[in-house]
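No value in this document is a laboratory result; all are computed from the given coordinates. The model shown is predicted, which means the values in this text are computed figures rather than measured ones. Every residue, glycine as well, gets a Cβ built from its backbone with ideal geometry; the counts of neighbours run over all protein chains shown.
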Amino acid sequence: MWYENKLTQDLGIKYPIIQAGMAGGTTTPELVAAVSNSGGLGTLGAGYMSPEQTKEAIQEIKQLTGQPFGVNIFIPEIPDVSEETIEKANEWLRPFREELQLTEPEIKKQAASLFEKQIAIILEERVPVCSFTFGVPAKDIIRKLKKENIVVIGTATTVREAIINEEIGMDMVVMQGSEAGGHRGTFSGPFEKAMIGTMSLIPQAVDHVNIPVIAAGGIMDGRGVLAALTLGAGAAQMGTAFVTSQESGAKKQQKEAILNGTEEEPMITSVFSGKPARGIQNEFMERMAEYENELPDYPVQNALTKEIRSEAARQNRPEWLHLWSGQSPRLSKGQPASVIISDIIAQVNDIIKER
Ligand SMILES: Cc1cc2nc3c(=O)[nH]c(=O)nc-3n(C[C@H](O)[C@H](O)[C@H](O)COP(=O)(O)O)c2cc1C
């Protein structure tokens, strides 16, 4: 059958559909389990979770599904940001804080140990799949995970990054095209040079690495999944399509922005977090654009805007909220995850039958 290949076999899943790990509350245990129970691979986005939250969510997922699932974590970044850069950013953010009645947050240095603790939990809980973004981990971490039969998946935005992932020992690699919603996974050069569309990126990566390639970016339905497989990918990873699913924990303002969005709206910005990401254009992006190159790097800027974003959501002000979305919002639907997956399978079957 069209949906069976080495990747589905290695992951132990029926369909070549992966729900992207999306940090920030979108990937509830209910969503992850619903995708896995429907024959895809659900993934917990644990990037911003504490070790305790990560463990609890994994245990909840296990209660809801006996099928394979993944956990996605971030390779830690500890940038050298001066006090002066932080002060300037706080100055530019002051008007937003004043209107939302917020005070300046205290910035804690990101603990690199979060990553090590999350790895320990993934090992302890014997999570079937562990995926990474924002770089690659040390070889010995990959070795430890693989020793426990945990499948390891990396993220790349260029062929060069795919080769780095293969050489370090990843079992599979997600190729993130420029259409993708959320943060760019670029880690080996300027992001502007790594804005390659999915259609170009996938076949070139497939030609240069021997590990299975997973296509991501702009894929929302059966047409996209079949196209990705035709280009040589072993599966499609979808983010935006699942943000608006019924089980998603995304903020209602983000769901609405995607459901009503067009392909012209999702733009790349680093003003929310200090790292380029694709989200639906809004007032915060427009007002902060002039300072974009002077803001602190990720994750410092992310910490500086965190309360502004959560308070904006609480006060129902989507114009100041990050509204991550890929370039295909017109294809989004507010359905249960199981329906998104069964529709994809039916659509691919129809396309194949008509040929
Ligand atoms: C809301 C949102 C959050 C995301 N968070 C993560 C994340 O935590 N880790 C990760 O590897 N990718 C993350 N991504 C990117 C996805 O892995 C994937 O590359 C992207 O969703 C594919 O494009 P699409 O959104 O058009 O499907 C996120 C995407 C979205 C839309």
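Through the Karplus equation 6.51 cos²θ - 1.76 cosθ + 1.60, θ set to phi - 60°, convert the phi angles of the range 100-106 into ³J(HN,Hα) values in whole Hz; use x for Gly and Pro.
8, 6, 10, 9, 5, x, 8
Place the peptides 160-166, 238-244, 194-200, 175-181 in order of packing, highest mean first, counting for every residue the other Cβ atoms within 10 Å and averaging per peptide.
238-244, 175-181, 160-166, 194-200
Mind listing P(r) for the range 231-326? All alpha-carbon pairs, 5 Å bins, whole percents.
3, 13, 21, 24, 19, 11, 5, 3, 1, 0
What is the extension gain from Lys353 to Arg160, computed as 0.36 nm multiplied by their sequence separation minus the C-alpha to C-alpha distance, in nm to one decimal?
So the chain would gain 65.8 nm between Lys353 and Arg160.
Evaluate the distance, in nm, between pseudo-label points positioned 7 Å from the Cα of Lys108 and of Arg223 along their respective Cα→Cβ axes.
4.7 nm
Report the gain in length on full extension from Met199 to Tyr291: 0.36 nm times residue separation, minus Cα-Cα distance, nm rounded to one decimal.
29.9 nm
Which loop-located GluC sites (Glu not before Pro) does the range 1-63 contain, where loop means any DSSP state but H, G, I, E or B and the Cβ has at most 14 other Cβ atoms within 10 Å?
Glu4
Taking only the alpha carbons of the range 148-301, what extent do you get along each of the three principal axes, in Å, biggest first?
45, 35, 33
Shape verdict for the range 23-64, please, from the Cα gyration tensor: rounded (a/c under 1.5), prolate (a/b greater than b/c) or oblate.
In terms of gyration-tensor shape, oblate.
Which of Lys14/Lys306; Lys62/Lys139; Lys117/Lys147; Lys55/Lys144 have a Cα-Cα distance over 26 Å?
Checking Cα-Cα distances, Lys14/Lys306; Lys62/Lys139 exceed 26 Å.
By how many nm would the segment from Thr230 to Thr262 grow when fully extended, if each residue of separation counts as 0.36 nm and the alpha-carbon distance is taken off?
8.9 nm
What's the whole-number percent of alpha carbon pairs in the chain lying beyond 26 angstrom?
47 percent
Within the range 259-298, name every residue whose backbone N is under 15 Å away from a label modeled 7 Å from Cα of Glu84 along the Cβ vector.
Those under the cut-off are 294-296.
Name the residues whose placed amide hydrogens come within less than 5 Å of the amide hydrogen of Phe69, ignoring near sequence neighbours (fewer than 5 apart) on the same chain.
Val129
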